[in-house]
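Chemist: This is the structure I want to talk about, given as structure tokens.
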Ligand code: GAR
């Protein structure tokens with residue numbers, strides 16, 4: 001049985017698109033059942049609708065508090081029958097309650113080789129630090145921002161003439177396959193979170 005996956009986005013949703021594309025393979029262990037954005041104008045919503053996937057906005061601005069918004073998101077995830085939640089450029093910091101509800105079942109992609117360069121402007125941070133490799137990480141979501149157990153990473157070289165923009169483009173181009181691989185590992189049970197670590201089936 002394919003695992004039912006919902007994806008939360010805030011913007012263009014290219015990682016979402018990559019997961020939707022990967023899930024079209026008959027032997028992929030996950031099916032994408034819903035796309036939810038916290039902004040009505042998130043470009044990824046149209047991409048998802050064009051693919052025939054239920055896609056809608058639950059704008060955080062419509063709710064009096066972060067918690068009220070999260071309760072609405074949770075209700076929508078449950079209504080969609082989601083078993084796994086993928087954050088794909090979802091730019092909201094979540095409460096410990098929400099994270100706890102989805103512990104071990106919520107994934108995030110971050111544009112750096114964690115634990116380096118948490119937060120925003122990761123490509124600028126990498127250039128500032130002078131690292132010669134950079135990349136992306138897919139991890140389980142835990143209460144600490146960008147801190148959860150790592151499922152998959154891909155590294156790229158930093159070229160001497162790289163700017164934050166060229167790095168962002170090259171990292172994004174490896175994010176897509178990395179996320180599809182990480183979701184397959186979790187959906188198939190080959191990677192799971194236990195005791196604050198990722199356990200891989202051998
Ligand atoms: C991606 O680069 C993703 O790694 C990043 O936002 C971008 C979303 O692009 N996420 C974060 O920075 C989370 N901390 P996309 O909407 O085209 O997938």
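Here is a yes/no grid of residues against (1) in contact (Cβ under 8 Å) with a residue 40 or more places away in the chain; (2) in a helix (DSSP H, G or I); (3) more than 13 Å from the ligand (Cβ to nearest atom):
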position: 49; (1), (2), (3): no, yes, yes
position: 71; (1), (2), (3): no, yes, yes
position: 81; (1), (2), (3): yes, no, yes
position: 97; (1), (2), (3): no, yes, yes
position: 153; (1), (2), (3): yes, no, no
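Chemist: From the set of residues in the stretch 22-37 that are in contact (Cβ under 8 Å) with a residue 12 or more places away in the chain and surrounded by fewer than 21 Cβ atoms within 10 Å (Cβ to Cβ), which is nearest to residue 76 (Cα to Cα)?
Modeler: Looking only at the stretch 22-37, we keep the residues that are in contact (Cβ under 8 Å) with a residue 12 or more places away in the chain, and these are 22-23, 28-37.
Filter again for surrounded by fewer than 21 Cβ atoms within 10 Å (Cβ to Cβ), leaving 22, 28-29, 31, 33.
Values: 22: 23, 28: 24, 29: 22, 31: 17, 33: 11 Å.
If we take residues in the stretch 22-37 being in contact (Cβ under 8 Å) with a residue 12 or more places away in the chain and surrounded by fewer than 21 Cβ atoms within 10 Å (Cβ to Cβ), then 33 is nearest to residue 76 (Cα to Cα).
Chemist: Being within 21 Å of residue 192 (Cβ to Cβ) and away from the ligand (no atom under 16 Å from the Cβ): is that true of residue 64 here? Spell out the reasoning first.
Modeler: Details: within 21 Å of residue 192 (Cβ to Cβ): no; away from the ligand (no atom under 16 Å from the Cβ): yes.
In short, no.
Chemist: When you go through 32, 53 one by one, which is the residue that is part of a strand (DSSP E or B) and either closer than 19 Å to residue 108 by Cα or touching a helix residue (DSSP H, G or I) at 6+ places or on another chain (Cβ under 9 Å) (or both)? I'd like the intermediate steps shown before the answer.
Modeler: Values: 53 fails: part of a strand (DSSP E or B).
Sole residue among the options that is part of a strand (DSSP E or B) and either closer than 19 Å to residue 108 by Cα or touching a helix residue (DSSP H, G or I) at 6+ places or on another chain (Cβ under 9 Å) (or both): 32.
Chemist: I want to confirm something. Restricting to the stretch 103-136 and keeping residues that are within 16 Å of the ligand (Cβ to nearest atom) and under 12 Å from residue 148 (Cβ atoms), which single residue is surrounded by the fewest Cβ atoms within 10 Å (Cβ to Cβ)?
Modeler: Result: 115.
Rule-based calculations on the coordinates, nothing more; no lab input. Keep in mind the model is a prediction, meaning the values are calculated, not measured. Backbone-built Cβ (ideal geometry, glycine too); neighbour counts: all protein chains shown.
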